[in-house]
Amino acid sequence: MKRTLRSTLTGLGITVALAAGLTLTAPGAVQAALTPGDQAVVTQLEAQRGGERTGRRGAPLVAALVQATAEATGLSAQDVVTALRGGQSLAQIAAANGSSAEDVVQAVTARARERLDRQVAAGRLSQERADEQLARLTTQATDLVNDTTLGTKIDERIDTARTRAVTPGLVRAASDITGLPVGDITGRLRDGESLEQIVRSAGADPAAVIDAATAAFRAAAEQAMRATR
């Protein structure tokens, strides 16, 4: 049932409520479950961003560091995130709870080393390349552990994920109501216009777009609630 509900909601590009708390999900993870209609919208949006990938690779590392801090201190992951949002760094959280920044970084890099060693043993990666990746990871992890703005960055990532998650459904609704091609709308978004501006310029009501997208979400949600595994 949960799997069916998740699939239907992600088909509308609305995954925020299902991805709360530690979610640092990049739009690519959302994109994998989109319906063909929304997939086309996302594809155009991503293409027009010029393949932008800023910060995406950092998300799994942040999640790993938060989890390692929780394990090292006995705190829950949510407690760690709450402290981060309060302006503390992972290093400070660890130190205040019987651990250290070094312990956290070592826990994460040890796991990474195991994965890299397996790739080297399987012949999929050279030892030199593995060493380079581990060194880079260690540097990044150390920087993140000592970053007192990490909580703010997590919130910014979540806000960005929320916006990107709902955009495809809103673009489709805007296209249906205004008659504008999806490609035109996504292109204008890329050029800096807001969806509200685009809808108003076409003589339509932004509230009607929201209502249409909400109705589509509600219909899908109701269907998912009735569905069985």
Considering residues of the range 67-104 that are of a type in the set (D, E, K, R) and farther than 16 Å from Gly151 by Cβ only, the residue surrounded by the fewest Cβ atoms within 10 Å (Cβ to Cβ)
Glu102
Which listed residue is among the aliphatic types (A, V, I, L, M), at pLDDT 95 or above and either crowded, with 16+ Cβ neighbours inside 10 Å or under 12 Å from Leu150 (Cα atoms) (or both), from Ala64, Ala59, Ala107, Ala40:
Ala107
Looking at Ala220, Ala174, Ala208, Ala202, which one is farther than 30 Å from Thr69 by Cα, among the aliphatic types (A, V, I, L, M) and at pLDDT below 95?
Ala220
Report yes if some residue within the range 122-137 is on the phi < 0 side of the Ramachandran plot, touching an Asp or Glu at 6+ places or on another chain (Cβ under 7 Å) and either of a type in the set (Gly, Ala, Ser) or modelled with pLDDT of 95 or more (or both); otherwise report no.
no
For a quick check of your reading of the model, give me the residue pairs whose first member lies in the range 93-114 and is touching a residue at least 12 places away in the same chain (Cβ under 8 Å), whose second is surrounded by fewer than 21 Cβ atoms within 10 Å (Cβ to Cβ) and β-branched (Val, Ile, Thr), with beta-carbon atoms closer than 6 Å and at least 6 apart or on different chains.
Val105/Thr142; Thr109/Thr138
Unmet criterion (only one of (1) surrounded by 14 or more Cβ atoms within 10 Å (Cβ to Cβ); (2) touching a Lys or Arg at 6+ places or on another chain (Cβ under 8 Å); (3) touching a residue at least 60 places away in the same chain (Cβ under 8 Å)) for Thr186:
(2)
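Rundown of residues vs (1) surrounded by fewer than 16 Cβ atoms within 10 Å (Cβ to Cβ); (2) of a type in the set (A, V, I, L, M); (3) in a helix (DSSP H, G or I); (4) touching a residue at least 60 places away in the same chain (Cβ under 8 Å), yes/no style:
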site	(1), (2), (3), (4)
Asp131	yes, no, yes, no
Leu137	no, yes, yes, yes
Gln140	no, no, yes, yes
Ala216	no, yes, yes, yes
Exactly one of Thr148, Thr228 is loosely packed, with under 15 Cβ neighbours inside 10 Å, modelled with pLDDT under 95 and outside any helix (DSSP H, G or I), and that one is Thr228
Looking for something part of a helix (DSSP H, G or I), over 21 Å from the mean Cα position of the chain (by Cα) and either surrounded by 14 or more Cβ atoms within 10 Å (Cβ to Cβ) or among the hydrophobic types (A, V, I, L, M, F, W, C) (or both) - is there at least one such residue anywhere in the range 152-160?
no
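The values are calculated or read from the model by the stated rules, or taken from the named source; none is laboratory data. From a predicted model like this one, the values you see are computed outputs, not experimental measurements. Every residue, glycine as well, gets a Cβ built from its backbone with ideal geometry; the counts of neighbours run over all protein chains shown.
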